[in-house]
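**Q** Sharing a structure below in structure tokens format, with a few things to ask.
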Amino acid sequence: MRGNFLYLVFVISLSIFFSCKKDDLKAPLASFLVVKNPTLKTTNSQGNNHHKITDIWYYVDGEFKGVFPLGSVMPIVKNDKAEITLFAGIKNNGITATRVPYVFYDALKFTQNLESGKTYTILPEFEYTSSAVFAYAQNFDSPGSQFMSAGDSAYMMITDPSKTFGGIGGSIFMSMNDVKPTSKMLQTVPYYLPSGGVPIYLELNYKCNQSVQIGVIGGGVDERPAITLNPTSDWNKIYIQLTSVVSAQPTYAGYQVFIKAKKEVEKPEIYIDNVKLIIQ
């Protein structure tokens, strides 16, 4: 009889032990955040508001929680009120493996009342930071340009809605032939660009059926390629980091951005628009 009693006590104790362990292992209830359809607010001096934000870097009460592609479900393990901070992420130099929060877009901060199990959808509007200095934001919609032709084949401004970016205004068209096999856009006036790792980006929209090289020329003679664009059948947006090519030794008092191509296909077609040179 005593043995049966002790066995019963053991079973009850074991049941209570595992019940406690199970409760300890339960994940805390979370709420969820979904960020989609971000927009970019710009001023006249900042040019077109087209962007290519691909990811969201998010913080909860100042603590980094992760990086998620737009439209993903992002968990928040907290109840009640929380301060949410969102950073707009891009593909640095258009490379999928080098995703970074874009240094020239302001973070978005807001307070959210959270309830476990609920999903909150955010449609954020980002802006450029107040520290972003625009050397220029060229949209080619009117005469006058920050660039000049410096190759065999001169580039031209086109207004055909079937070919321009967004179907409105103007865009730059570059092409070449066997007699004049190179085309080059060169920034007309050299700009001082700081070295020492200061963030410098060139933003632009493009469409091309062959490769295009982009970089800077230091001191009027030192040509430094930064990136080669690959062919794309649709208009694409890219953020090109110029920091490393500008900070490389020797440094110069002035730099000129160049966009150039050498004939590779039978009928080259290169379209450029919304070129922005931004410095911190």
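The values are calculated or read from the model by the stated rules, or taken from the named source; none is laboratory data. None of these values were measured; they are calculated from a predicted model. With ideal geometry, Cβ positions are generated from the backbone for all residues, glycine too; neighbour counts draw on all protein chains shown.
**Q** Anything in segment 92-108 that is in a strand (DSSP E or B) and within 20 Å of Thr42 (Cβ to Cβ)? List them, or say none. Reasoning before the result, please.
**A** Restricting attention to segment 92-108, the residues satisfying the condition of being in a strand (DSSP E or B) are 92, 99-101, 105, 108.
Pro101, Tyr105, Leu108 - these are the residues of segment 92-108 that are in a strand (DSSP E or B) and within 20 Å of Thr42 (Cβ to Cβ).
**Q** Pick out the one residue from Ala154, Ala137 that is in contact with a helix residue (DSSP H, G or I) (Cβ under 9 Å, 6 or more places away or on another chain), assigned by TED's automatic domain parsing to the domain that holds Gln210 and of a type in the set (A, V, I, L, M, F, W, C). Break it down stepwise before answering.
**A** Values: Ala154 fails: in contact with a helix residue (DSSP H, G or I) (Cβ under 9 Å, 6 or more places away or on another chain).
Result: Ala137 is the single residue among Ala154, Ala137 that is in contact with a helix residue (DSSP H, G or I) (Cβ under 9 Å, 6 or more places away or on another chain), assigned by TED's automatic domain parsing to the domain that holds Gln210 and of a type in the set (A, V, I, L, M, F, W, C).
**Q** Tell me which residues, restricted to segment 92-125, are of a type in the set (Ser, Thr, Tyr) and either at pLDDT 95 or above or on the phi > 0 side of the Ramachandran plot (or both).
**A** If we filter segment 92-125 for residues that are of a type in the set (Ser, Thr, Tyr), which is where we start, we get 96, 98, 102, 105, 111, 116, 119-121.
Matches in segment 92-125: Tyr102, Tyr105, Thr111, Thr119, Tyr120, Thr121.
**Q** If you don't mind, another one. Report, by residue number, each residue of segment 44-74 that is in a strand (DSSP E or B), touching a residue at least 40 places away in the same chain (Cβ under 8 Å) and more than 15 Å from the chain's Cα centre (by Cα).
**A** Passing the criteria: Val73, Met74.
**Q** Which one of these is crowded, with 17+ Cβ neighbours inside 10 Å and more than 17 Å from Glu203 (Cα to Cα): Asp80, Asp61, Asp55?
**A** After applying the criteria, what remains is Asp55.
**Q** Let me ask you something else. Any residue at all in segment 106-126 that is closer than 28 Å to Gln213 by Cα and touching a residue at least 24 places away in the same chain (Cβ under 8 Å)? Walk me through it before giving the result.
**A** Kept after step one, since they are closer than 28 Å to Gln213 by Cα, are these residues of segment 106-126: none.
The answer is no; no qualifying residue exists.
**Q** State the number of residues belonging to segment 130-151 that are under 22 Å from Tyr255 (Cα atoms) and in a loop (DSSP other than H, G, I, E, B).
**A** 9
**Q** On to the next question. Please determine whether any residue of segment 222-230 is under 22 Å from Met174 (Cα atoms), in contact (Cβ under 8 Å) with a residue 24 or more places away in the chain and more than 20 Å from the chain's Cα centre (by Cα).
**A** So far as segment 222-230 goes, yes, one or more of its residues are under 22 Å from Met174 (Cα atoms), in contact (Cβ under 8 Å) with a residue 24 or more places away in the chain and more than 20 Å from the chain's Cα centre (by Cα).
**Q** Look through Leu186, Leu193, Leu204 and report the one residue that is farther than 25 Å from Thr96 by Cβ, outside any loop (DSSP other than H, G, I, E, B) and of a type in the set (A, V, I, L, M, F, W, C). Step through it out loud before you land on a result.
**A** Details: Leu193 fails: outside any loop (DSSP other than H, G, I, E, B); Leu204 fails: farther than 25 Å from Thr96 by Cβ.
None of the other options fit; the residue is Leu186.
**Q** On the basis of being surrounded by 17 or more Cβ atoms within 10 Å (Cβ to Cβ) and part of a loop (DSSP other than H, G, I, E, B), does Gly169 make the cut?
**A** The answer is yes for Gly169.
**Q** I've got another one for you. From the list Gly220, Gly215, which residue is over 21 Å from Ile53 (Cβ atoms), of a type in the set (Gly, Ala, Ser) and either modelled with pLDDT under 95 or in a loop (DSSP other than H, G, I, E, B) (or both)? First the steps, then the outcome.
**A** Numbers: Gly215 fails: either modelled with pLDDT under 95 or in a loop (DSSP other than H, G, I, E, B) (or both).
So the residue among Gly220, Gly215 that is over 21 Å from Ile53 (Cβ atoms), of a type in the set (Gly, Ala, Ser) and either modelled with pLDDT under 95 or in a loop (DSSP other than H, G, I, E, B) (or both) is Gly220.
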